[in-house]
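Worksheet: the structure to be examined is printed underneath.
The values are calculated or read from the model by the stated rules, or taken from the named source; none is laboratory data. Because the structure is a prediction, the values reported are computed rather than measured. Here the Cβ positions follow ideal geometry from the backbone for every residue, glycine too, while neighbour counts run over all protein chains shown.
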Amino acid sequence: MKCLTTSPNIGLTLASSTNGAKNIYNWIDEISGEASTSNMMILDTEVGTVKSNITTLTNNMPTTTSDLTNDSSFVADASYVHTDANYTTAEKTRLAGMATGANNYTHPSTHPSSMITGLPTSLPANGGNAATVGGFTVGVNVPANAVFTDTTYPTATTNTNGLMSATDKTRLDGIATGANNYIHPSTHSADIIVDGTTNKVYTNTEKTNLANLLSTKTTTITTTWAGSVAPYTQTITVSGVTSNDKPVISPIYSTTNATAILEKTAWNLISKIETGANSITVTCFEKKPVTAINIQIKGV
């Protein structure tokens, strides 16, 4: 009788070797022919080991290709040869994005106009200048990127921007260059007025003198004279007269002819009249009048 010797990994060794299942079968058949109590105990032990090792192999057996690993990181296949011609993921994505029949065409920077469709077959009579473009007038120097639209602009108001109305244009044309919103005051000092060719501006003094010339004061030269011999004098109070005044003094004759003759004779005896402060002084160099004379004083 043969005595079996065992190894804890014999089942795993036999199962993992080439034709592992057949090897295990032959090994069991061999030891069963040498059955003995001791051999049967050894057999039971080995069978248990084999079962455990088969379970380990089953649990570790890959179920998907992603579980397989080898040096080249690809599924081992005797007929598969890895080369640089195989696709990467990026190349596969690029290929999927290409249209069927795609090529490496590059459009030329220039080409003849015969390749362009939709061009006008002829130009307007004037060569396509301003007034012939779509019925619109186009300036000689049209800015780059200019876009022609049918935009309608409203007339400007005090609150909204817009175009100038004809009324506003007329008003603008009527305003002088540099015009302002000046309003002449209803009154102002005469100091800012200058003399004109015909009209003149009076000073306060001139205005007073003019008013005095137009005013008339009256008084009477009586028959009461100072002095017993010539010259004879008589001072008469006249309010408003000053020593600087040079008034025009003349007699006021009576409407009665006989009286007027006497007054005229008396007036011829008056030699001079001088002005003073609120008074006049009458002087007779030779004879003194014996008839009272009414006089008027202008210019005081």
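How many residues does region 107-119 contain that are outside any helix (DSSP H, G or I) and under 47 Å from the mean Cα position of the chain (by Cα)?
Number of matching residues: 9.
Any residue that is of a type outside the set (A, V, I, L, M, F, W, C) and touching a Cys at 6+ places or on another chain (Cβ under 8 Å) - is there at least one of those in region 251-259?
no
Right, residue 235: in a strand (DSSP E or B) and surrounded by 17 or more Cβ atoms within 10 Å (Cβ to Cβ) or not? So that I can check it myself, show each step before the final result.
Details: in a strand (DSSP E or B): yes; surrounded by 17 or more Cβ atoms within 10 Å (Cβ to Cβ): no.
It is false that residue 235 is in a strand (DSSP E or B) and surrounded by 17 or more Cβ atoms within 10 Å (Cβ to Cβ).
Restricting the search to region 242-289, which residues are touching a helix residue (DSSP H, G or I) at 6+ places or on another chain (Cβ under 7 Å) and in a loop (DSSP other than H, G, I, E, B)?
If the condition is that a residue be touching a helix residue (DSSP H, G or I) at 6+ places or on another chain (Cβ under 7 Å) and in a loop (DSSP other than H, G, I, E, B), then 253, 254, 289 are the ones that fit.
So, in region 290-300, how many residues would count as being modelled with pLDDT of 95 or more and in contact with a helix residue (DSSP H, G or I) (Cβ under 6 Å, 6 or more places away or on another chain)?
Adding up the residues that qualify gives 2.
Could you tell me which residue of region 248-284 is nearest to residue 300 (Cα to Cα), considering only residues that are in contact with a Leu (Cβ under 9 Å, 6 or more places away or on another chain) and not small (Gly, Ala, Ser)?
248
Looking at (1) in contact (Cβ under 8 Å) with a residue 60 or more places away in the chain; (2) surrounded by 16 or more Cβ atoms within 10 Å (Cβ to Cβ); (3) in a loop (DSSP other than H, G, I, E, B), can you tell me which one residue 212 breaks?
Of everything listed in (1) in contact (Cβ under 8 Å) with a residue 60 or more places away in the chain; (2) surrounded by 16 or more Cβ atoms within 10 Å (Cβ to Cβ); (3) in a loop (DSSP other than H, G, I, E, B), residue 212 misses just condition (3).
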